[in-house]
Amino acid sequence: SCCYLSRRLNQLSSHDPLWKRHCKKYWLISEEEKSQRNQTWKAIFISTYSDLGRYIRCYATLKKAWDDLEKYLGQRCPRMIGSLKESVREEDLDAVEAQIGCKLPDDYRCSFRIHNGQKLVVPGLMGSMALSNHYRSEDLLDIDTAAGGFQQRPGLKQCLPLTFCIHTGLSQYMALESVEGRNKYEIFYQCPDQMARNPSAIDMFITGTSYLEWFTSYVNKVVTGGYPIIRDQIFRYVHDKECVATTGDITVSVSTSFLPELSSVHPPHYFFTYRIRIEMSKDALPEKACQLDSRYWRITNAKGDVEEVQGPGVVGEFPIISPGRVYEYTSCTTFSTTSGYMEGYYTFHCLYYKDKFFNVTIPRFHMVCPTFKVSTARMVSGNAEPNHNEYAVDEDEDSTDTDEYEDRRRVLDIPAPSGRCPRHT
């Protein structure tokens, strides 16, 4: 009976349809790929496992994310696909671990077995951001470049860069060990304490708790249309679908983004940019054409303090809106609290009836700073915690329409960012 049972179990374990399910579940092997390899499902599973077995818990998730991203960008940003590098071998990743003296997390290693990041090009795979006097575009680093940027200095001990912007020097880092108040494999933007004499006083804006969560959540935002594609670039503006207001034939929608490279925890200075889209329905009558005259803002910080701002035009322009036409512009604001919101209205006059004026509602849109950690070096030295009840807000009126701005930025001659917007200019 035991012999018969063992023989039957052996037959079942070699039954190819059983291995088909595992090949599709763990390695995302398609019928077409199986035909090309001319192997049984069991042989494919075993050969793949011998190469990628240590990643069996995360490979399918990361492979699907990469496949979805490539398919999406292939249709909308084809030149970005050309910047992606081929996969690396296990020996290459082992050599990097030996070089830096730290173990790499399996999900991070697994991603490099699919794609070795990208070339240092513009635009970057990890998104762009543009203001009139500030531009950044983050590349996803290949493993050798990341290893070359491995940090052992105070404040960033045992941290590995994941991204890099050639214009600002900005990187997102991953902590490879739980040191200096960081959790192992936490991903963050560094934020040096501008008021501390100790160079190791580096606060952190947290962007992920693991590489898998960080990368897949970003890809999901991209492929679901959460981030707009503008002239072959992924712009990391977050749009709340409810943040839309329609007045008559004109619709106003807003998307926002936090800029860590221009922000600080101490002193509290949180920098946000917002992109506004003004559109007139294509079904509107021609006589509904109008021109924007002025804007009114009501700005509220996390403490409930209110500031009102009123001025002519937007970003120095007085756009004309006609049926089917869209006008977009980008501006920015800063808070000394970790969150705040803005709302208001635009005043238009009709082109056919010049004495007729009307207001168009700007929907309320919120800006919230990501979770951050205060530098342990500053806390140990006895410096005070940042006071989030203080408040300051600036509005950039020197910003310009992002589309025009991108044309100028192709020259890649970017001035150093000032870090603050002019106040209500």
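Some observations on this one:
- Taking the conditions (1) within 17 Å of residue 128 (Cα to Cα); (2) assigned by the TED database to the domain that holds residue 187 in turn, residue 225 satisfies each one other than (2).
- The set of residues from the stretch 11-48 being free of Cβ contacts under 8 Å to residues at least 24 places away in the same chain and either in the same structural domain as residue 89 (by the TED database) or among the hydroxyl-bearing types (Ser, Thr, Tyr) (or both) comprises 13, 30, 35, 47.
- Among residues of the stretch 259-310, those that are within 16 Å of residue 369 (Cα to Cα) and open to solvent by 40 Å² or more (accessible area, probe 1.4 Å), counted: 3
- Options 340, 313, 344: the member that is of a type in the set (Gly, Ala, Ser) and in contact with a Pro (Cβ under 9 Å, 6 or more places away or on another chain): 313
- Restricting attention to the stretch 178-229 and to residues that are touching a helix residue (DSSP H, G or I) at 6+ places or on another chain (Cβ under 7 Å), of a type in the set (A, V, I, L, M) and open to solvent by 20 Å² or more (accessible area, probe 1.4 Å), the residue that is nearest to residue 80 (Cα to Cα) turns out to be 229.
- Hey, residue 340 under 22 Å from the mean Cα position of the chain (by Cα), over 30 Å from residue 287 (Cα atoms) and at pLDDT 55 or above or not: yes
- Pairs, first within 30 Å of residue 81 (Cβ to Cβ) in the stretch 232-248, second assigned to a strand (DSSP E or B) and open to solvent by 70 Å² or more (accessible area, probe 1.4 Å), C-beta under 8 Å, six or more apart: 240/366
- Residue within the stretch 235-250 that is among the hydrophobic types (A, V, I, L, M, F, W, C), outside any strand (DSSP E or B) and open to solvent by less than 40 Å² (accessible area, probe 1.4 Å) present: no
- Residue check, residue 50 under 24 Å from residue 12 (Cα atoms), in a helix (DSSP H, G or I) and modelled with pLDDT under 95: no
- Flag for residue 194 being outside any loop (DSSP other than H, G, I, E, B) and at pLDDT below 95: no
- Residues (in contact (Cβ under 8 Å) with a residue 60 or more places away in the chain, in a strand (DSSP E or B) and surrounded by 14 or more Cβ atoms within 10 Å (Cβ to Cβ)) located in the stretch 346-358: 346, 348, 350, 358
- For residue 207: the one exception among (1) out of contact with any strand residue (DSSP E or B) (no Cβ under 6 Å at 6 or more places or on another chain); (2) not in a helix (DSSP H, G or I): (1)
- Summed over the stretch 1-25, the residues that are loosely packed, with under 11 Cβ neighbours inside 10 Å and closer than 24 Å to residue 59 by Cβ give a count of 2.
- Restricting 63, 42 to those that are surrounded by 11 or more Cβ atoms within 10 Å (Cβ to Cβ), more than 37 Å from the chain's Cα centre (by Cα), in a helix (DSSP H, G or I) and of a type outside the set (A, V, I, L, M, F, W, C) reduces the list to 42.
The values are calculated or read from the model by the stated rules, or taken from the named source; none is laboratory data. What you see is a predicted model; the values in this text were computed from it and never measured. Don't worry about glycine lacking a Cβ; one is built from the backbone with ideal geometry, like all the others, and counts go over all protein chains shown. Areas reflect the complete protein model, heavy atoms only, side chains present, ligands, DNA and RNA absent. Shrake-Rupley method; radii C 1.70, N 1.55, O 1.52, S 1.80 Å.
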